[in-house]
Amino acid sequence: MTEFSFECTGVRADRYAAGPTLLFRLRVTAADNARVHALALRCQIRIEPARRGYESAEADGLADLFGERSRWGNTLQPVQFAQVSLMVPGFTGETEVDLVVPCTYDMDIAATRYLAALKGGEVPLLMLFSGTAFTGAAGFRVEPVPWDREAAFRMPVSAWREMVEQHFPGCGWIRLPRDTMDALLAYRSQRALPSWEATVRALLEEKGTTDPPRKDPYLALTRTTGGTDL
C-alpha cells in the first residue's frame, strides 16, 4: 500500500472568493516516488488552543469558551475549525495543491469566537486526513488513505484578520432570529433611522428607559432578546 504524508507550507486569504475563504498550501508526498492517478481527500481541521500562550486581554475574550483561566487545564480542548474535501490531480512522488477552506464570521461558532479573541501570534492547527488513492505505475488500483495521516500547522492570526477585513471591513457580525430582525426593521422604519448601526445605537441609548407601549415593535424585540443591549 502506498504511504502518503502531508505538510502544510502556508496559508493566505483568497482575495477573489465570494465569501471569507482561506487557501492552505498543501504538500502531498507518495513514498518511493509512487505514481498516483488521483487522490480524493477528506480533511478535518482542528484548533488546538492548548498549544499557545495567551495575553490577559485574550484570556478575557476566551472566557465564554473555556471559562476562568484557572480551569484551563481541563477546559482548553480542541475546537473544530473546518471539514473539507479535496481532489488532488495525478502526480508522481510529490505535488502541491491549495486546500480551499470556506470560513464564517458568525460569532455563534466557537472557532470564530476563538479567532476573534486573539490579538496576534499564531493559531495552532491540526489537519487530519483520510480518503481514497488511485495508484499504480502500470495499472490501476484503489487504496485507502488512513485516518492517522495528519499535519500540524501554525496559522498566523494576521491571515485570518486579512480574510475578515476583505469581506467585513471594520465591522462585526451577529446572527439574530427572524422575529428579532423583523422587530428591529420595524423599529428602524418607525424612527426613520438611516442605518443598522444607528438602530443599534438608538437601542443602546434607550437601555435605561421604562417599558415601551405594547404596540411598539421595540417591545417584541426586548421580549425576544431578553434585553436591549445587543
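The values are calculated or read from the model by the stated rules, or taken from the named source; none is laboratory data. Note that the structure is a prediction, hence the values are computed from the model and not measured. Don't worry about glycine lacking a Cβ; one is built from the backbone with ideal geometry, like all the others, and counts go over all protein chains shown.
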- prompt: Taking region 6-49 as the search range and keeping residues that are touching a Lys or Arg at 6+ places or on another chain (Cβ under 7 Å) and surrounded by fewer than 17 Cβ atoms within 10 Å (Cβ to Cβ), which one is farthest from residue 121 (Cα to Cα)?
  reply: 7
message: Kindly evaluate residue 68 against the criterion of being free of Cβ contacts under 8 Å to residues at least 40 places away in the same chain, over 17 Å from residue 159 (Cα atoms) and charged (D, E, K, R).
response: yes
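Given the residues 224, 209, which is the only one that is exposed (fewer than 13 other Cβ atoms within 10 Å of the Cβ) and modelled with pLDDT under 90?
Numbers: 224 fails: exposed (fewer than 13 other Cβ atoms within 10 Å of the Cβ).
Sole residue among the options that is exposed (fewer than 13 other Cβ atoms within 10 Å of the Cβ) and modelled with pLDDT under 90: 209.
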task: Mind telling me which of the residues 24, 81, 6 ends up being over 15 Å from residue 155 (Cβ atoms) and at pLDDT 95 or above?
output: 6
task: Among the residues of region 67-107, count how many are in contact with a Lys or Arg (Cβ under 9 Å, 6 or more places away or on another chain), among the β-branched types (Val, Ile, Thr) and more than 30 Å from residue 135 (Cα to Cα).
output: 1
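Taking the conditions exactly as written (in a helix (DSSP H, G or I), touching a Leu at 6+ places or on another chain (Cβ under 7 Å) and either within 23 Å of residue 44 (Cβ to Cβ) or not hydrophobic (A, V, I, L, M, F, W, C) (or both)), does residue 113 satisfy them or not?
yes
Taking the residues in region 169-206 that are at pLDDT 85 or above and in a loop (DSSP other than H, G, I, E, B) as candidates, determine which candidate is surrounded by the most Cβ atoms within 10 Å (Cβ to Cβ).
As a first pass, look at region 169-206 and keep what is at pLDDT 85 or above: 177-195, 198-205.
If we keep only those that are in a loop (DSSP other than H, G, I, E, B) too, we end up with 177, 191-195.
On the way: 177: 10, 191: 12, 192: 7, 193: 17, 194: 9, 195: 9.
Ranking the candidates gives 193 first.
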